[in-house]
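K.L.:
First, the structure itself, so that you have it in front of you.
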Amino acid sequence: MVKAPFLQAISVTKTYSGAEASGVKNISLDIEPGKITAIIGQSGSGKSTLLKLLYGLMSPDEGIVNFKGERIWGPEEKLIPGHDAMKMVTQHTNDLNLFARVWDNVSAMLPSTNVRLKEEKTEEILTQLNMMQLAKQRVADLSGGEKQRVAIARAIITRPEVLLLDEPFNQVDTSFREGLQHDIRQIVRETGLTVVMVSHDPAEVLSMADKLLVLKTGEIVEGGHPKSLYQNPLNLYTAELLTNCNVLNANEAKACGMRADKEYVVVYPEWIRINKVLKTSKWKVQQVLFKGFYEDLILENDGILLRVVNDEGKYNEGDMVSLNIKKWLEY
């Protein structure tokens with residue numbers, strides 16, 4: 001007997017009326033169990049719509065969404081929308097009880113038929129998310145990132161098979177975000193939880209996801225492992241999503257010493273090497289953008305601008321430098 005796909009969308013379409021077409025169009029995908037799948041795309045590309053269709057918060061106009069071979073019911077057919085084996089967490093934490101303790105917010109998701117088991121599971125999940133030190137604090141007194149942890153703890157304490165995250169780190173400080181990402185990955189490894197997340201931030205998906213799906217105007221244009229997509233994106237759109245890259249036309253590329261056969265050339269900032277060989281120095285350091293342990297240099301030559309990553313900190317605005325471009329992509 002052939003095993004049914006875990007979570008699957010088949011030719012799913014959901015459109016919204018308006019001046020511009022929006023939603024998703026004829027999407028088919030399979031979500032792999034026990035992995036983190038990230039859906040990325042520009043605003044309005046259909047990311048959140050697709051997530052709601054997978055959860056059952058919306059019904060598709062066409063197509064079908066299945067979980068383990070059974071169709072997911074939409075809000076017209078189910079009194080409380082959303083599949084029972086899934087939980088969704090958004091960037092908003094409106095369902096939290098602000099004036100109750102963290103412990104009470106999380107434990108409230110479990111029945112009180114076995115008080116000891118309820119306490120054990122609450123302690124376990126708070127420990128997994130590094131929140132035991134917050135257990136006695138009121139939610140109202142927490143930071144945005146800490147509230148997001150509470151929301152995630154409430155979602156996974158009931159042991160759903162799928163956790164859906166809609167821009168989960170949007171309100172979370174950078175320093176807090178990395179710890180939360182690490183904790184979620186650890187829970188996935190330990191429990192086999194399947195995570196499907198929507199994000200617009202490449203830093204989140206590149207370090208966290210096992211697979212990326214790229215949406216453009218409601219359609220999946222490519223997918224794969226984050227490293228593969230970053231190094232060799234099939235589309236200019238994907239390259240611009242994943243990195244702050246330099247995009248040049250064919251004439252500009254030729255002026256930079258690159259031979260291009262296609263309309264556009266993409267050069268990642270880290271693919272450019274700079275030095276101060278005076279005889280060949282044609283590029284002027286227009287700006288130095290301090291980023292902490294590295295800096296971005298904005299270089300200019302005959303109206304062409306290039307962004308370059310530099311970790312040496314030895315260049316100043318007005319310096320003249322030469323370039324060596326190691327790699328580029330053509331589209």
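The values are calculated or read from the model by the stated rules, or taken from the named source; none is laboratory data. Values in this document were obtained by computation on a predicted structure and should not be read as measured data. FYI the Cβ positions are ideal-geometry reconstructions off the backbone, even for glycines, and counts take in every protein chain you see.
K.L.:
Do we have any residue at all in the stretch 148-160 that's part of a helix (DSSP H, G or I) and polar (S, T, N, Q)?
P.N.:
The answer is yes; a qualifying residue exists.
K.L.:
Looking only at the stretch 234-264, count how many residues are within 25 Å of I39 (Cα to Cα) and more than 16 Å from the chain's Cα centre (by Cα).
P.N.:
6
K.L.:
Now, a different point. Scan the strands (runs of 3 or more DSSP E) fully inside the stretch 272-314 and keep the ones with 2 or more residues being assigned by TED's automatic domain parsing to the domain that holds A255 and out of contact with any Asp or Glu (no Cβ under 9 Å at 6 or more places or on another chain).
P.N.:
By residue number, 272-275, 295-301.
K.L.:
Just to verify a result, which residue in the stretch 134-143, among those that are loosely packed, with under 14 Cβ neighbours inside 10 Å and within 28 Å of the chain's Cα centre (by Cα), is nearest to D183 (Cα to Cα)?
P.N.:
S143
K.L.:
How many residues, within the stretch 278-303, are surrounded by 12 or more Cβ atoms within 10 Å (Cβ to Cβ) and either in contact (Cβ under 8 Å) with a residue 24 or more places away in the chain or of a type in the set (A, V, I, L, M) (or both)?
P.N.:
Here the count works out to 14.
K.L.:
Of all residues in the stretch 310-331, which are within 20 Å of P233 (Cα to Cα) and either modelled with pLDDT of 95 or more or surrounded by fewer than 16 Cβ atoms within 10 Å (Cβ to Cβ) (or both)?
P.N.:
Matches in the stretch 310-331: K326, K327, W328, L329, E330, Y331.
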